[in-house]
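What follows is a short report on a single structure.
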Amino acid sequence: MRLIVPARGPLVRALVLGLVLCASAGAGVRAWVAGAVEPPAAGWVALAGWAAYALWCLAELRAAPHPDTGPRRAVRPLLLGATATAAGLVVTWEPSLAAATVPLLFAAVLAAAARGPVLAGVAVLTAGVLAVACGNLLVGSAGSDWWQVVIWTATTITFHVIGLTLRSTRIQHRQAQLLLDQSEQMQTERQKAAALDERARIAREIHDVLAHSLGALAVQLETVDALLEADPPRTERAAELVRGARRIAVEGLTETRRAITALRADTAPLADAVRALVDGVRERHTGEVRAEVTGQVRTLPQDVSLCLLRVAQEALTNAAEHAPGQEIDVTLAYEPARVRLTVRSAPPAPAGAPVRPRDSGGYGLAGMRERLRLVGGTLSAGPGPEGWTVRAEVDA
């Protein structure tokens, strides 16, 4: 998006400058032809002013497509200074040429203030004002009209102020355009970052769904293998577990599709979702699986609810895989300023026995910590007096 401003191309600028020059030169030619120019030296000074202004117009048009650099940056204010000096002298020195030189004086002061450096604008203004005063002195004491000097000086200063206003407007426009460009660039970067975050979220969602389903499926198949190798084989129970494994696989595929196509959909309340998750694990786990919700249940932000649900899912998958047949307790505690999820399984390992981290592969505990970090939460996992414990806490 670009700011829409009136067109100020070289053609429009050439038209304006040409009109000022033609109007001034036309008035001067009429006065000269009418023989009203006395002394003749004033006419030559006016002619020098027109020439300087014409050269400035050419330099302005040539520099329009290019920035002001090098000698051109210094030459153009000098041409405006020469124009203001010549025009200021003639304004009070030869009143018959005032109509021809006043436009030059005002145009030079205005252009210097609006388009040149600040010091150059002040210098051109000073040159023009001093020239007006000097022109009045050249007339002689008998014809001195200092009130005219005051009027011309005040009017010249007014045009200088107008030029400064135009300059300030142009600078503000450039700054606004720069800020707009920076804002667009920042918005583009934010969109890229959001896209990367969304990709990471999709990866976490798919991993959590697949890890949960495949982990449960692996537990079922291990149990089936043990039943078939028993003496005598327990085929009925094995067939029942095979059917359960098939159901887990179907559910996993369904959940994966849902995670891909409905990642932005609202989830069920966290307490209900945790209970449903525990019910599903209870059907496949040989040990007892309990769920408890404490505190005042309240609505949580969607990202917090989804994060804690995935942590519970990952922790239950790890517990079912590494502690088959052991009791699993899931506690969801709503506290005034935070929510705590605790998944505890299996008794502590015997003294001196190596402690093996419970991670189902893939992202596992690292994925849980990453999820919690994104919502401002923390995760702790390890053996404790009551068994292996995974605890997640989020301020919400």
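The values are calculated or read from the model by the stated rules, or taken from the named source; none is laboratory data. Since the model is a prediction, treat every value here as computed from it, not as a measurement. Reconstructed Cβ throughout: ideal geometry from the backbone, glycine too, with neighbour counts over all protein chains shown.
Scanning the stretch 287-332 for residues that are modelled with pLDDT of 85 or more, surrounded by 15 or more Cβ atoms within 10 Å (Cβ to Cβ) and of a type in the set (Ser, Thr, Tyr) yields 305, 331. Taken over the stretch 91-138, the criterion of being surrounded by fewer than 19 Cβ atoms within 10 Å (Cβ to Cβ) and hydroxyl-bearing (Ser, Thr, Tyr) is satisfied by 126 alone.
Mind counting the residues in the stretch 370-396 that are assigned to a helix (DSSP H, G or I) and at pLDDT below 85? Matching residues across the stretch 370-396 total 3. Scanning the stretch 268-291 for residues that are over 19 Å from residue 321 (Cβ atoms) and out of contact with any helix residue (DSSP H, G or I) (no Cβ under 7 Å at 6 or more places or on another chain) yields 268, 269, 271, 272, 275, 276.
Does residue 126 satisfy the criteria of being among the hydroxyl-bearing types (Ser, Thr, Tyr) and within 19 Å of residue 46 (Cβ to Cβ)? For residue 126, the condition - among the hydroxyl-bearing types (Ser, Thr, Tyr) and within 19 Å of residue 46 (Cβ to Cβ) - is not met.
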